[in-house]
1. Can you compute log10 of I(q)/I(0) for the chain with the Debye formula, treating each Cα as one identical point scatterer, at q = 0.09 Å⁻¹?
2. Along segment 148-156, what does the Karplus equation 6.51 cos²θ - 1.76 cosθ + 1.60 (θ = phi - 60°) give for ³J(HN,Hα), rounded to whole Hz, x for Gly and Pro?
3. Between residue 180 and residue 53, what is 0.36 nm times their sequence separation minus the Cα-Cα distance? Round to one decimal in nm.
4. Fully extended, how many nm does the chain gain between residue 163 and residue 92 (0.36 nm per residue separation, minus their Cα-Cα distance)?
5. Normalised by the number of residues in the chain, what is the relative contact order in percent for Cα pairs under 8 Å and 6+ residues apart?
6. Would you grab the residues whose amide H sits under 5 Å from the one on residue 101? Only those 5+ places off in sequence or on another chain, please, with H modelled 1.01 Å from N.
7. Any chance you could check the Cα centroid distance between segment 13-92 and segment 121-193 for me, in angstrom?
8. Rounded to the nearest 500 deg cm²/dmol, what is the calculated helix-only ellipticity per residue at 222 nm for the chain, with -39500 (n - 2.57) per DSSP H run of length n ≥ 4?
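The values are calculated or read from the model by the stated rules, or taken from the named source; none is laboratory data. From a predicted model like this one, the values you see are computed outputs, not experimental measurements. Please note: Cβ atoms are built from the backbone with ideal geometry, for glycine as well, and neighbour counts cover all protein chains shown. All accessible areas refer to the heavy atoms of the entire protein, side chains included, with ligands and DNA or RNA removed. Shrake-Rupley method; radii C 1.70, N 1.55, O 1.52, S 1.80 Å.
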Amino acid sequence: MIDVAPLPLRTASVPRETAFSHMSRLAAANKVDLREFGFELGIPFQRILNGERDMIRILALLGGTDHECLQHWSGTKLEGRRHELCGEIYPAKTIRSPEIRGCPICLKQDASSSERSPEHSMAIRGHWLVPHVTICLAHEHPLVPLWRETQPFARYDTVTQFRSIAPAIVAGEFDREIRELTDFDKWLEARLVDGPGNGWLDLQLLIVTEN
Ligand SMILES: [Zn+2]
């Protein structure tokens, strides 16, 4: 049992939010540099990025959020340059692409439903990291590239990244034409939420090869 009290200054996690996004926003709510925040509280950012269970658990306690949700929607580093996300195994470079994508409508809603500044409110969802996910099912809006950053620490420091683009997102500059959902979009959504079903597609591993 870990004895950690929630921080007095915290920000509610968004459904499906990744641990790195939540931690970045939690540090910002406390006006502390992300790296310093991690070391002060014994949860170094790198270990959160690795998805270490005890670290995610402490982060969830500090943020007053559910650790199982946070873990499910965050990548966990495995041996052999592989990552697990939403119960699926991927080559690390697939899940940890330099490009971060998102749904601008979801992000605008994050901003409008919070009293905090847009960059402190906008959250990256775990399913947006899965390359096969190309659309937001809630808004039928294609996922769009938000930023590209090769250095992992900077890539996942979401508050810093959103600081420069949040005004453009709010202004609708990232909006694209919506499109209809395909059966694959719906199947993939169900698989990420509930795990494999009984259809023939479900027997296939989502991604098994590394080029
Ligand atoms: Zn959306």
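1. These q points yield log10 I(q)/I(0) values of -0.34.
2. My calculation for segment 148-156 gives 10, 8, 7, 7, x, 4, 5, 4, 9 Hz in order.
3. Stretched out fully, the residue 180 to residue 53 stretch lengthens by 42.0 nm.
4. Stretched fully, the residue 163-residue 92 segment lengthens by 22.9 nm.
5. 21 percent
6. For residue 101, the qualifying residues are 146.
7. Result: 18 Å between the Cα centres.
8. -11500 deg cm²/dmol
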